[in-house]
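Take a look at the structure set out below.
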Amino acid sequence: MSRPRIIPVLLLRDGGLVKSVKFRSHKYIGDPLNAARIFNELEADELIFLDIDASRNGRSISLDFVNAVAEEVSMPFSVGGGITSIEEIRAITRSGVEKVIIGSHAVQDPEFVRQAADAFGSSTISVCIDVKKDLFRGERVRTVNGRIRSHFEPIEFARLMETHGAGELIVQSIDRDGTMSGYDIGLVKAVSDAVDVPVVALGGASGESDLVEASREGCANGVAAGSLFIYQSAARGVLINYPEDKGFLYDIA
């Protein structure tokens with residue numbers, strides 16, 4: 001069994017790199033292209049870029065930015081944020097992007113995922129599932145950077161996305177985002193058990209032990225994080241980092 005991919009996630013806002021806590025309290029970190037260069041030098045498995053304001057502002061992630069990243073990095077990278085049309089996906093993939101990530105629009109128009117998978121292949125289409133626990137309604141998928149609650153439960157939505165052709169699911173806990181308190185392993189495991197497509201865990205990682213747990217206990221095919229690879233420690237001093245030795249994940253089965 002191949003080891004799980006280790007994936008830094010970079011959040012974009014107003015052209016800058018930011019970090020959030022529970023999808024709020026956004027902190028400016030620096031230049032996203034500079035971060036991309038550093039992760040390229042550190043030989044990250046792949047990168048994810050998410051424009052967190054794109055859906056709210058009725059636009060998609062900047063094609064100029066995507067092109068700039070493609071010129072800077074040699075590893076695979078994926079992008080998401082406000083993608084709502086086949087034409088946008090076509091332009092983005094022509095830039096050399098490995099996968100496009102569809103979030104809010106997948107909830108608003110699930111049939112769009114089927115259309116995108118038919119046009120570009122399932123391996124190109126990833127769906128990000130943002131999940132928040134509500135006091136009386138349980139876990140629900142949310143859209144527009146966590147602002148709007150949908151009627152979908154995460155397992156129901158994950159299965160729907162698989163049947164519509166999504167080739168990968170990113171499962172993100174809004175409640176764990178930026179807290180460095182560990183992944184929601186129950187959520188990750190439940191989705192992994194419910195579908196046959198690769199699942200990427202996101203939200204809450206604080207160290208290598210969390211990556212191992214998401215892989216071993218959550219059965220995740222990929223382990224993604226923001227704060228873990230942006231901050232030096234829980235004290236949140238900015239220091240972009242990435243494991244030099246990935247051997248700690250090789251023995252997971």
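Structure data summary
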| item | result |
| --- | --- |
| The range 133-140 - phi-based ³J(HN,Hα) in whole Hz, Karplus 6.51/-1.76/1.60, Gly and Pro as x | 8, 9, 4, 10, 9, x, 6, 9 |
| Probe 1.4 Å, all protein chains present, accessible-area order of E208, E139, E41, largest first | E41, E208, E139 |
| 10 Å-binned pair-distance histogram of the range 85-227 (Cα, whole percent) | 13, 43, 35, 9, 0 |
| Computed [θ] at 222 nm, deg cm²/dmol, the chain (DSSP H ≥ 4; -39,500 (n - 2.57); rounded to nearest 500) | -8500 deg cm²/dmol |
| Projected-area average for the chain over all orientations - Cα convex hull basis, square nanometres | 12.0 nm² |
| Extension gain, M75 back to S181 (0.36 nm per residue minus Cα-Cα distance, nm) | 35.3 nm |
| Share antiparallel - DSSP beta bridges, the chain, percent rounded to 5 | 35 percent |
| Projected-area mean, the range 29-105, by convex hull of Cα positions, square nanometres | 5.0 nm² |
| Estimated translational D of the range 67-129 in µm²/s (Stokes, Kirkwood radius over Cα pairs; 25 °C; 0.890 mPa s) | 208 µm²/s |
| Cα centroid separation - the range 38-78 against the range 104-172, whole Å | 20 Å |
| Of all DSSP beta bridges in the range 107-202, antiparallel share, percent nearest 5 | 40 percent |
| Anisotropy class of the range 116-184 from Cα gyration tensor, a/c 1.5 cut | prolate |
| Positive dipole terminus of the chain, leading residue within F136, G186, G237 (C-beta point charges) | F136 |
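The values are calculated or read from the model by the stated rules, or taken from the named source; none is laboratory data. Keep in mind that what you see is a predicted model, and the values were worked out from it rather than measured. Don't worry about glycine lacking a Cβ; one is built from the backbone with ideal geometry, like all the others, and counts go over all protein chains shown. Side chains are part of the model used for accessible areas, which takes the heavy atoms of the whole protein and leaves out ligands, DNA and RNA. Shrake-Rupley method; radii C 1.70, N 1.55, O 1.52, S 1.80 Å.
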